[in-house]
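Contents: one structure, followed by commentary.
The values are calculated or read from the model by the stated rules, or taken from the named source; none is laboratory data. Model, not experiment: these values are computed from the prediction. So basically every Cβ, Gly included, is an ideal-geometry build from the backbone, and we count neighbours across all protein chains shown. The area values use the complete protein model at the heavy-atom level, side chains included, leaving out ligands, DNA and RNA. Shrake-Rupley method; radii C 1.70, N 1.55, O 1.52, S 1.80 Å.
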Amino acid sequence: AFRTFRFSCLKMICGASFAFMRYYYDLHIHSCLSPCGDNDMTPDSIAGMGELNGLDIMALTDHNTLKNCPAFFKAVKRHGIIPVAGTELTTAEDIHVVCLFPTLSGAMEFENVLESKRIKIKNRPDIFGEQRITDENDNITGYDDYLLINATALSLEEVPQAAEEYGGVCFPAHIDRQSNGLLAVLGFFPEKPYFPFAEVHDGEKAAEYAEKYSKKIITSSDAHYLWDINERGAYIELDCGRENAAQELINYLRGAV
């Protein structure tokens with residue numbers, strides 16, 4: 001299936017054309033910290049699968065937490081992947097929104113804010129699954145004792161500004177799904193907050209949703225198992241080298257490029 005969303009291809013500067021670099025991506029991946037994530041979804045295994053699949057940029061986006069992002073950032077260095085720190089945040093309205101950050105420092109500052117907005121309900125590992133915190137070598141260093149998949153106290157309108165304060169950007173997750181999708185919950189895109197981008201899980205629906213809702217669409221896996229992670233298909237094109245790709249990605253998703 002054709003799953004590519006083309007952001008842009010050429011830029012004119014002083015009369016000269018410069019080809020943008022193509023980056024294959026997956027911006028929505030869960031680790032073993034998400035209760036619904038398989039225990040084999042360790043940061044290093046995720047990065048290794050991304051390398052096998054030919055990906056350039058990967059974002060770790062556990063439910064309502066970024067605690068495994070430090071291990072992920074260390075692990076990807078061994079696999080040649082550009083890391084993006086993120087989370088799949090559940091709003092007070094029970095809508096899933098992907099929040100992404102170009103730097104680990106900004107992401108972990110946002111983690112502190114998000115932690116204060118969580119509604120603490122004891123996890124039941126026998127029902128929901130373990131919530132494993134690991135290091136870059138797949139060693140378990142701890143557990144999150146409180147359930148991560150329930151709604152937070154942050155409203156949909158509050159989330160974009162909260163993420164932007166720490167250099168991040170956000171967009172509605174899997175709008176083509178009934179479970180916790182913005183369209184499934186609200187039935188429409190609100191005027192505020194304005195989202196220039198939205199995510200679909202099924203890349204074959206990208207063109208349909210882009211036209212119907214006048215949105216730019218990205219396709220990510222929402223992977224909970226290693227075999228779910230995107231193969232080399234969906235890509236973006238950015239006018240920068242690898243060292244600046246994470247920041248330029250955030251700028252583009254924010255509409256600043």
Going through segment 47-61 in order, the residues found to be among the β-branched types (Val, Ile, Thr) and in contact (Cβ under 8 Å) with a residue 60 or more places away in the chain are ILE57
Screening ILE127, ILE121, ILE95, ILE149 for residues that are open to solvent by 10 Å² or more (accessible area, probe 1.4 Å), touching a residue at least 40 places away in the same chain (Cβ under 8 Å) and among the β-branched types (Val, Ile, Thr) leaves only ILE149
May I ask you to verify whether ASP56 is out of contact with any helix residue (DSSP H, G or I) (no Cβ under 7 Å at 6 or more places or on another chain) and surrounded by fewer than 17 Cβ atoms within 10 Å (Cβ to Cβ)?
-> no
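Does GLU243 fit the bill of being under 24 Å from SER45 (Cα atoms) and part of a helix (DSSP H, G or I)?
So GLU243 passes the test.
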Number of positions in segment 12-48 that are assigned to a strand (DSSP E or B), at pLDDT 95 or above and hydroxyl-bearing (Ser, Thr, Tyr) | 3
Lone qualifier among THR141, THR134 - being at pLDDT 95 or above, surrounded by fewer than 19 Cβ atoms within 10 Å (Cβ to Cβ) and more than 20 Å from ASP94 (Cα to Cα) = THR141
